[in-house]
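Student: The structure under discussion is supplied below as structure tokens; questions concerning it will follow.
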Amino acid sequence: MSAITKTLCPYCGVGCGLEAVDERSKEPEGFKVRGDRSHPSSQGMVCIKGASIAESIARDRLLYPQFRASLDDPFRRISWDEAFGLIVDKIQSTIATIGCDALCVYGSGQFQTEDYYVAQKLFKGCLGTNNFDANSRLCMSSAVSGYIKSFGSDGPPCCYDDLDLTDCAFIIGSNMAECHPILFNRLRKRHKKDANVKLIVVDPRCTQTAAVADLHLPILPGTDIHLLNGIAYLLWQWGKCDRAFIDRYTNGFAVFQSVIQDYPPEVVAKHCGITTEALEIAARYWANATNVLSLWSMGVNQSTQGTAKVESIVNLHLMTGQIGKPGAGPFSLTGQPNAMGGREAGGLAHLLPGYRSVLNPDHRAELEAFWQLPSGRISPHVGRVAGDIVRGLETGEVQLLWIAATNPAVSLPDLVRLKKALRRSPFTIYQDAYDPTETSAYAHLLLPATQWSEKTGIMTNSERRVTLCRSFQPPKGEAKHDWEIFAEVGRRLGFAAQFPFQNSSEVYAEFVQITRDRPCDHSGLSHELLDKEGPLQWPYPADREHHANVQESQRLYSDLQFHTPDRKARFGAYHGHGLAEPPDENYPYILTNGRLYGHWHTQTRTGRTDKICQMYPNPFLEIHPKDANKLGLQPEDFVLIKSVRGSAKLPILITEAIAPGVVFMPMHWGALWAEDAEINALTHSHADPDSKQPELKACAVSLEVI
Ligand code: SF4
């Protein structure tokens, strides 16, 4: 490797720049990592996950392809040639006997954009099935559908500089201090420096984020829309709306206005479990601010009303004109490092590359022509989303499941059911960098994939900043890049013309062409340019110097022209419906969950990092002292926590950080790391009707002392 390689942290959507520094004496990694001061998104800052990434790279790597005909057999090592032969035979026989919709892929926000793109071309284009979904379905698909409904297109309008420019940050459903720590540090710096900057945090739990807020609103889980409509009601009552903005740049306000009449402060406060004073302070902060920035993540998105919640946040910005200007706007924070790139490359079952939709005939035709495929090849139907894949395994409609760079045997809801379904799968391919994982136990064919440090490609972070992640180490064992594997399968299936790529730079060069004139225009970008100029934000059109919005890539909608047919943003009008599974007499507590500062999702990497494991040796259940007393619990007692679907056993942590009636457990522990401590053995799979994102954030449980 060269002395210093600039790259990107492969953990969260903040997308911090990293420098990998050659250090041969450091065994077994051979390099150390530090923050990249030249990266505009992070300016040299890095959290413990990024700083300790090197340690996880060498451990428990999957090094060569392995196969077994039955899950009860041991794996045997096979060659790549044999592995490709098995895949091609299975795909061809499945299409011949049942049809292409019996094939399913479940990918990941850990993919680079090139991996996503080649997979879309193979499955949605060449093979004609839209059954490609990704773990982003669990993460931010409600933000996607909310943005599309409000603005006519996906795409977070804001940028990280807005954290320095806002005078009211409204954080809802996000524990930024632990989950997006570098962004929160930046916001906190501003907040500390200027007493006029207000920080409102909406969260049922007093998180590290809420603990430093000017106002913490500990609303009951599932009452977000009540709160948001309640703030809107007060702003309207106080005459704090921007009527000129509403009339000129939006549609649908009259219906929204009629809906919010049902949300006077006394109704909202009672429903949300807060005081009317607290509600009024929140509305007052909004009303008095010059620039309001809303920030949210899974606490909003993971809900059966996730899309409506996102639209309800946007409504507040539209009624006050708080969008398209510095320091203001509705800003969704993505979880995975390249969930944004996945959206751009069409990596969900309803999307096509370039922010296109499978439901739009013009979009399908554009892609078919570009990919040199027969007209009508791309299916007009939304493919199987994560939940549909499980149902398809149960009914036998899914005959081949290809899982890549993700660990659904921990992260999907209702795990007891999921694991049963995985056992029924006739043929499961698991393509990953690690083995064992909880999901590798359900595979017939294991394919070793390269990972961070071994592959070069593109990732886009939450502020639409595109970074070239460079490789600086050879692949481990026989590992191949994800895009290479998909492309080779495509060639062996007879699509040699569609997959001529020699390297990821060529893949990206093709991808950017089909983003031309789309909202996520990358057409001026290339590996070479990003190598030379460093990370850049989209839109970045090829004719950039002639483009009207050349200065506007930092913020979307600064011209207040939205992507709807009439160029106006849309109000969505919703009533809150509460939780899909409210507590009852048998399951009287609401279980919520979230991430911890050090761990990442299902611990595939961080569980192999000593320093992080020492920080968080065990899972736990947070419970309020009142509930602990009621149940006769003492500190460090264990409880059996049960939902209608499954159970877990955990030590308790008695704390006033959680409200009475609500309990919290971290999401990170799967069967590999702790026995009987899987949050998703308890959660349900009810999902938002638009985004299909499951309500992972809340289910009803009972507690018993053990
Ligand atoms: Fe990596 Fe996210 Fe930490 Fe930045 S904040 S170093 S992107 S995990």
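Student: Filter region 553-603 for residues that are over 25 Å from the mean Cα position of the chain (by Cα) and among the acidic types (Asp, Glu); which is nearest to the ligand (Cβ to nearest atom)?
Tutor: The extreme case among them is Asp559.
Student: Something else: List the pairs whose first member sits in region 49-61 and is within 8 Å of the ligand (Cβ to nearest atom), whose second member is part of a loop (DSSP other than H, G, I, E, B), and whose Cβ atoms are under 6 Å apart, counting only residues at least 6 apart or on separate chains?
Tutor: Pairs found: Lys49/Tyr11; Lys49/Trp600; Gly50/Cys9; Gly50/Cys16.
Student: Being part of a helix (DSSP H, G or I), more than 16 Å from the ligand (Cβ to nearest atom) and touching a helix residue (DSSP H, G or I) at 6+ places or on another chain (Cβ under 9 Å) is the filter here; which residues of region 173-202 pass it? Spell out how you get there, then give the answer.
Tutor: First pass over region 173-202, keeping only residues part of a helix (DSSP H, G or I): 176-179, 181-193.
Next cut, more than 16 Å from the ligand (Cβ to nearest atom) only: 190-193.
Of everything in region 173-202, just one residue is part of a helix (DSSP H, G or I), more than 16 Å from the ligand (Cβ to nearest atom) and touching a helix residue (DSSP H, G or I) at 6+ places or on another chain (Cβ under 9 Å), namely Arg190.
Student: OK, next. Condition check: touching a residue at least 40 places away in the same chain (Cβ under 8 Å), surrounded by fewer than 24 Cβ atoms within 10 Å (Cβ to Cβ) and under 17 Å from Gln120 (Cα atoms). Does Gln473 satisfy that?
Tutor: On the way: touching a residue at least 40 places away in the same chain (Cβ under 8 Å): yes; surrounded by fewer than 24 Cβ atoms within 10 Å (Cβ to Cβ): yes; under 17 Å from Gln120 (Cα atoms): no.
Here the answer is no, as Gln473 does not meet what is asked.
Student: Being more than 7 Å from the ligand (Cβ to nearest atom) and at positive phi is true for just one of Gly35, Gly15, Gly44. Which residue is that? Spell out how you get there, then give the answer.
Tutor: Values: Gly35 fails: at positive phi; Gly15 fails: more than 7 Å from the ligand (Cβ to nearest atom).
Residue meeting the stated conditions: Gly44.
Student: Here's another thing I want to ask about it. List the residue pairs whose Cβ atoms are under 6 Å apart, where the first residue sits in region 420-446 and is under 14 Å from Phe75 (Cβ atoms), the second is polar (S, T, N, Q) and assigned to a strand (DSSP E or B), and the two are 6 or more positions apart or on different chains.
Tutor: From residues that are under 14 Å from Phe75 (Cβ atoms), the pairs are Tyr442/Thr428; Ala443/Thr428; His444/Thr428; Leu446/Gln66.
Student: Name the single residue, out of those in region 524-538 being in a helix (DSSP H, G or I) and within 25 Å of the chain's Cα centre (by Cα), that is surrounded by the fewest Cβ atoms within 10 Å (Cβ to Cβ).
Tutor: Leu530
Student: For Pro330, are the conditions met, namely being in contact with a His (Cβ under 7 Å, 6 or more places away or on another chain), of a type outside the set (A, V, I, L, M) and over 29 Å from Arg605 (Cα atoms)? Quick ask: steps written out before the conclusion?
Tutor: Working: in contact with a His (Cβ under 7 Å, 6 or more places away or on another chain): yes; of a type outside the set (A, V, I, L, M): yes; over 29 Å from Arg605 (Cα atoms): yes.
Answer is yes for this residue.
Student: Would you confirm whether any residue within region 512-523 is buried (at least 19 other Cβ atoms within 10 Å of the Cβ) and of a type in the set (D, E, K, R)?
Tutor: Checked against the condition, which is being buried (at least 19 other Cβ atoms within 10 Å of the Cβ) and of a type in the set (D, E, K, R), region 512-523 yields at least one hit.
Student: From the list Ala349, Ala328, which one is crowded, with 24+ Cβ neighbours inside 10 Å and within 16 Å of the chain's Cα centre (by Cα)?
Tutor: Ala349
Bear in mind that the values in this text are calculations on the coordinates, not laboratory data. Fair warning: this is a prediction, and the values are worked out from it, not measured in the lab. Ideal geometry is used to build each Cβ from the backbone, glycine not excepted, and the neighbour counts take in all protein chains shown.
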